[in-house]
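See below for the structure under consideration.
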Amino acid sequence: MNTDDKKINIDDISFDDMLGEGIEDAVETAEPIEVEPKLKEGEEKSDQILAEANLDDDAASKQEEEEQEEEDEEVKKPVSKKTKKTEVSKETDEVEAERVEDDTIVGAVLAKLGYDVDDKYDDTTEGLVELTKDIGVQMADENLDKLFEQFPLVKDHMEYVMSGGKSQDFMGMHDPRSDYSRVKMSQDDTQVQKYFLAEYFKTKGHDSEFINELLEDYEDNGKLYNKAVNAQKALVSSQATYRKNAVEQQKQEQIKAKEEQKKFWDGVYETIDTSQSFKGLAVPEREKNKFFDYLSKPVTKEGYTQRDLDHTESDMDTKLAIDYLMFKGFNLEKMIDIKARTKSTRTLKDKIVSSKERVKSSKSAKRTPKYSDVDIDDLNLDLF
């Protein structure tokens, strides 16, 4: 090594010396590199989310394309003869089942009447009877609906009665003779005018004396007709409202009555269930449910219970016995004690009578002749 050589300083070596000649030309001919600007942290996350969403959309689209291609391939596949035969057989069976059903009497009746039913009916006498009943119910409902559409008042009447109201009450409400809107009133007819005013003030709770004085004032002041017109309008409106609400009001009364009835029978059941005796009369535990049904369960379409029927059909002695028990306050212990003492008295009396009979019989036996048992016809009188 030449000691005379100068030591090489790294700082004296340029970048061009390391690459050698031609580097300038290469740099000049190279395409410029695009450098994306550096994004902020929030912008980087937002772009990342959008990018992922785009990727997911691409994947979903690709999956849909593949699934569609698979479906198209399935459609293009030829159906085997066996599969065709199975499908044709199934369709044939369904058609045959429909044809067989139509060939039955039940099917023919349904087809003729045009009714759809959910139940299946046997093609027998019993099946036809059941079919007739069900179809009859449907026909009745349809006819009732048509009738109610044509005559709404008939529907209201039926609902009123079905809710526990009386038919005569409903008919009275709609009696044309009591319809305020049908009464014609002229300016000269003071009698009709006074009638409307009197009816109106009666609904307000005023007495006859007050009403008569008020009508005299109207008549003296010439206000009778105008006041009567207003009274008639008020009465017509009130009557229409009353008629309109009558059915609903009756329904509410029926609901209330049922609630009260349920409350009553719940109390009866609780009393029977928790009691061991009634007025000193013991009721076995095993008979409590039967006893409650006897009192409360309807056994007729009119709603009568077995207790009602027995009480109605019982003879006079039974009814009087029940009434006498009520008359005595159902004091069974006292009545039983009286009966026991009466029986004891009768027993003592019977004993006395029996004793007298025995004494009398004994005395009679002593007076009887010794040979009383000898028949006189058997005596031999030849000895004398």
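Here, each number is a calculation from the coordinates, and none is a lab measurement. Everything numeric in this text was worked out from a predicted model, so none of it was measured. Every residue, glycine as well, gets a Cβ built from its backbone with ideal geometry; the counts of neighbours run over all protein chains shown.
General remarks:
- Listed peptides 183-189, 160-166 by packing density, highest first (mean Cβ within 10 Å): 160-166, 183-189
- Whether segment 271-337 is rounded, prolate or oblate, judged on the alpha carbon gyration tensor where a/c under 1.5 counts as rounded: oblate
- Radius 12 Å from Cβ of F264, net charge of other residues (Lys, Arg +1; Asp, Glu -1): -1
- Efficiency of FRET between N331 and E253 - r from beta-carbon atoms, R0 35 angstrom, step 0.05: 0.30
- For segment 246-319 versus segment 159-207, the gap between their alpha-carbon centres in whole angstrom: 40
- Counting Lys and Arg as +1 and Asp and Glu as -1 over every other residue whose Cβ lies under 14 Å from the Cβ of L224, the net charge comes to -4.
- Other residues within the sphere of radius under 13 Å centred on the Cβ of Y115, judged by their own Cβ, net out at -4 (K and R +1, D and E -1).
- Taking 0.36 nm per residue of sequence separation and removing the Cα-Cα distance, the K233/D122 pair yields an extension gain of 33.6 nm.
- Using the Cβ-Cβ distance between K184 and Q138 with R0 set to 51 Å, the FRET efficiency works out to roughly 0.60.
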